[in-house]
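> Pasting a structure below so you can have a look.
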Amino acid sequence: VADITAVKGVKDILPEEVPRWEEAERRFRAVFGNYGYREIRIPTFEDTQLFRRSIGEETDIVEKEMYTFTDKGGSSITLRPEGTASVVRAFIEHSMAHLPQPVKLFYLGPMFRHERPQKGRLRQFHQAGAEVFGLAGPEAEAELLEMVMQLLTREFGLQDLSLQVNTLGDDACRPAYRQALTGYLEIHRHGLCENCRRRLERNPLRVLDCKAEGCRAIARGAPVIGGVLCGECRSHFDRFLSLLDEAGVPHQVNPHLVRGLDYYTRTTFEVLGGSGLGAQNAVAAGGRYDNLVAAFGGPPTPGLGFALGMERLLALLPPEFAGTGPRVLYLAAADGEGRLLARSLARSQRARGVAVALDLLGRSLKAQMRAADSMGAAWVVVLGAQEAASGRCVLKEMTGGWREEIALADLGTALERRM
Ligand code: HAM
C-alpha cells in the first residue's frame with residue numbers, strides 16, 4: 001500500500017469505469033440540449049458567503065459540511081457543496097436577466113461536502129444539474145420534472161423510481177406555517193437534540209430535516225403546510241400536479257418532504273431510487289427558489305432547478321451500461337523489420353484516428369499475441385521481413401471470424417470497411 005492514499009470519502013474513477021461516466025454524461029448533454037438548456041462551467045470554489053447566504057446558516061451543509069479555508073490573500077473560500085448558488089451568482093454577474101427569458105443552464109461536475117462517508121455518500125461526488133430562470137408558472141416545474149423523469153426512465157431505463165413532491169409556500173404563507181410549527185416544536189422541545197433546540201427560534205423548518213432519531217419522530221407528527229397555504233401557492237401547486245398528470249409523470253405528494261437547503265419557495269421534489277441504493281436513496285432533487293436572485297442583489301427573477309447524484313445514478317445502472325472503448329488494432333512484429341514497419345504503420349493509422357497498440361518491450365510474437373488477446377484488441381496484423389518486402393499483409397479479426405490479405409497501403413480503408 002502506498003504511504004499516501006486518497007482522502008477518506010474521495011474516489012478515483014478508474015479507466016475501466018470512465019466509459020460509464022462518459023456515456024452517462026453524453027446522454028445528459030443530449031437530453032438537456034433537447035430541452036433548450038445550455039452548459040455553464042462554474043468554478044469549483046467561491047466566496048464562502050455565497051453558500052452561507054443561499055443554502056442557509058442553520059443547514060447541515062453550512063454548519064457542518066463545507067470545505068472552507070482561508071486563502072493566502074486572507075479571503076474565506078469554500079469548495080462548492082452544490083451548483084445552484086454559483087449559477088445564480090453567474091446569472092446576476094453576467095446580467096443574464098437582460099437575455100430573452102427563460103434562461104436555461106446546466107452543469108456537470110464535482111461537489112464537496114464533509115459528510116460521514118457511507119454507501120452512496122461521498123465527500124467529493126458529482127452532480128448533473130439544471131437551472132431555469134424567468135419562469136414563474138407551474139408549467140416550468142412540470143417541464144423540468146418531465147425532463148428529469150424522461151432522463152431516468154427512458155434514457156437510463158430505471159424502474160422503481162418514486163417522485164415525491166411538496167410545496168413549502170412562499171413569503172405570504174410561510175410565516176403562518178413557521179408559527180404553527182414553532183408552537184408544536186416548543187411543546188416537544190425536551191425531545192429535540194441540542195442543535196435543534198438552538199435552531200428552533202431562528203429556523204424551525206430545519207428541525208424537520210434533522211437526522212437525529214428523536215427529532216425525526218417529532219417531525220413525523222409536525223403540522224404540515226397544506227393547511228395554511230395561501231391561495232396562490234395552493235393553486236400553483238394544484239396546477240403543477242395536474243400538469244404532471246397530463247405529462248404522464250407518476251408522483252406522490254409527500255407533505256413531510258423537506259430539503260436540506262433553505263432557498264426553496266413553493267415546489268420541492270425528490271426522486272428516490274428504490275432499494276438498490278440503501279439509506280442514501282435520493283437520486284435527484286430540487287425545487288423552486290423565487291427569492292434567490294433578488295437576495296443576491298439581482299433583479300427579482302423566479303428560478304427553479306434540480307441536481308442528480310451521478311454516483312447514485314451509476315450505482316443503479318447495469319454493468320453492461322457504457323459504450324465500449326474504441327476498437328483497437330494490434331500491430332504484432334515477428335522480427336526487427338516488422339518492428340520498424342509496426343512503428344511506422346502505428347503512426348499513420350493513429351493519424352487517421354485508428355486506435356493502435358504495439359509492443360514496445362521487445363517481446364516474442366507469442367507474447368505479443370497474448371497481449372493483444374488480453375487487452376481485447378479487435379484486429380491484428382503480424383508484420384515481418386516478408387510483409388516489408390511484399391508491401392502486403394494479412395488483417396485478421398482477433399476472434400478468428402475473418403482474415404483478409406491486403407496491401408499495407410490499404411490498411412486504413414480496409415478497417416473503415418470493417419468498423
Ligand atoms: P441536494 O439534494 O443537496 O440538492 O443534492 C442533489 C443530489 O446530489 C442528491 O439527491 C444526491 O443524489 C446527490 N448528493 C448529495 N450529496 C451527496 C453525497 N455526499 N454523496 C453522493 N451524492 C450526493 C442540491 O444540491 C441542489 N443544488 C439541487 C437543486 C438545483 N435545487 C435547485 N436547483
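> Does Ala279 qualify as being within 23 Å of Lys211 (Cβ to Cβ) and without any contact (Cβ under 8 Å) to a residue 40 or more places away in the chain?
no
> Which of the residues that make up the range 210-238 are open to solvent by 30 Å² or more (accessible area, probe 1.4 Å) and under 29 Å from the mean Cα position of the chain (by Cα)?
Across the range 210-238, the qualifying residues are Lys211, Ala212, Arg216.
> Here's another thing I want to ask about it. Kindly list the number of the only condition in (1) away from the ligand (no atom under 16 Å from the Cβ); (2) surrounded by fewer than 16 Cβ atoms within 10 Å (Cβ to Cβ); (3) over 30 Å from Tyr37 (Cα atoms) that fails for Ala279.
(1)
> Moving on. Being part of a strand (DSSP E or B) and surrounded by fewer than 17 Cβ atoms within 10 Å (Cβ to Cβ) is the filter here; which residues of the range 353-391 pass it?
Selection gives Ala355 alone.
> Sticking with this one: Got a sec? Which of Arg116, Arg123, Arg174 is surrounded by 17 or more Cβ atoms within 10 Å (Cβ to Cβ) and within 29 Å of Leu314 (Cα to Cα)?
So the residue among Arg116, Arg123, Arg174 that is surrounded by 17 or more Cβ atoms within 10 Å (Cβ to Cβ) and within 29 Å of Leu314 (Cα to Cα) is Arg123.
> Please specify each residue of the range 282-317 satisfying the condition of being open to solvent by 30 Å² or more (accessible area, probe 1.4 Å) and within 19 Å of the chain's Cα centre (by Cα).
Within the range 282-317, Glu311, Arg312, Ala315, Leu316 qualify.
> I would also like to ask the following. So Val394 clears everything in (1) free of Cβ contacts under 8 Å to residues at least 12 places away in the same chain; (2) part of a strand (DSSP E or B) except one condition, right? Which one?
Result: Val394 passes all but (1).
> If you scan the range 249-265, which residues turn out to be open to solvent by 60 Å² or more (accessible area, probe 1.4 Å) and either over 16 Å from Leu144 (Cα atoms) or among the small types (Gly, Ala, Ser) (or both)?
Gln252, Val253, Pro255, His256, listed by residue number.
> Answer yes if at least one residue in the range 30-41 is crowded, with 17+ Cβ neighbours inside 10 Å, at pLDDT 95 or above and in a helix (DSSP H, G or I), and no otherwise.
yes
> Determine whether the range 62-75 contains at least one residue that is open to solvent by less than 20 Å² (accessible area, probe 1.4 Å) and either aromatic (Phe, Trp, Tyr) or within 19 Å of the chain's Cα centre (by Cα) (or both).
no
> Going by what's in this entry, would Ala372 be described as in contact with a Phe, Trp or Tyr (Cβ under 6 Å, 6 or more places away or on another chain), under 28 Å from Val18 (Cβ atoms) and in contact (Cβ under 8 Å) with a residue 40 or more places away in the chain?
Answer is yes for this residue.
> Continuing with this model, one more query. Glu320 passes all but one of (1) among the acidic types (Asp, Glu); (2) outside any loop (DSSP other than H, G, I, E, B); (3) exposed (fewer than 14 other Cβ atoms within 10 Å of the Cβ); which number fails?
Answer for Glu320: the failing condition is (2).
> While we're here: So, of the residues in the range 1-25 that are touching a residue at least 24 places away in the same chain (Cβ under 8 Å) and in a helix (DSSP H, G or I), which turns out to be nearest to Leu99 (Cα to Cα)?
Glu25
> Looking only at the range 82-106, how many residues end up being near the ligand (Cβ under 10 Å from one of its atoms) and either assigned to a helix (DSSP H, G or I) or buried (at least 22 other Cβ atoms within 10 Å of the Cβ) (or both)?
Matching residues across the range 82-106 total 6.
> Among the residues of the range 251-260, is any within 11 Å of the ligand (Cβ to nearest atom) and among the basic types (Lys, Arg)?
yes
> Right, here's the next one. Quick check on the range 1-12. Is at least one of its residues within 21 Å of the chain's Cα centre (by Cα) and closer than 22 Å to Leu105 by Cα?
No: zero hits.
> With respect to Ile61, is the statement that it is under 18 Å from Tyr263 (Cα atoms), more than 15 Å from the ligand (Cβ to nearest atom) and either part of a helix (DSSP H, G or I) or among the basic types (Lys, Arg) (or both) true?
So Ile61 fails the test.
> Among the residues that make up the range 49-59, is at least one of them touching a Lys or Arg at 6+ places or on another chain (Cβ under 8 Å), open to solvent by less than 10 Å² (accessible area, probe 1.4 Å) and β-branched (Val, Ile, Thr)?
yes
> Could you check the range 323-339 and list, in sequence order, the residues that are part of a helix (DSSP H, G or I) and surrounded by 14 or more Cβ atoms within 10 Å (Cβ to Cβ)?
Scanning the range 323-339 gives Glu337, Gly338, Arg339.
> Another question, if that's okay. What pairs come out if I take residues in the range 115-136 that are more than 8 Å from the ligand (Cβ to nearest atom) and pair them with residues that are modelled with pLDDT under 95 and part of a loop (DSSP other than H, G, I, E, B) whose C-beta lies under 6 Å away, six or more apart or interchain?
Close Cβ pairs (under 6 Å, with a partner that is modelled with pLDDT under 95 and part of a loop (DSSP other than H, G, I, E, B)) amount to Lys119/Gly278.
The values are calculated or read from the model by the stated rules, or taken from the named source; none is laboratory data. Nothing here was measured: the structure is a model prediction, and the numbers come from that model. Positions of Cβ are backbone-derived with ideal geometry, glycine not excepted, and every protein chain shown enters the neighbour counts. Ligands, DNA and RNA are excluded from the accessible area calculation, which covers all protein heavy atoms including side chains. Shrake-Rupley method; radii C 1.70, N 1.55, O 1.52, S 1.80 Å.
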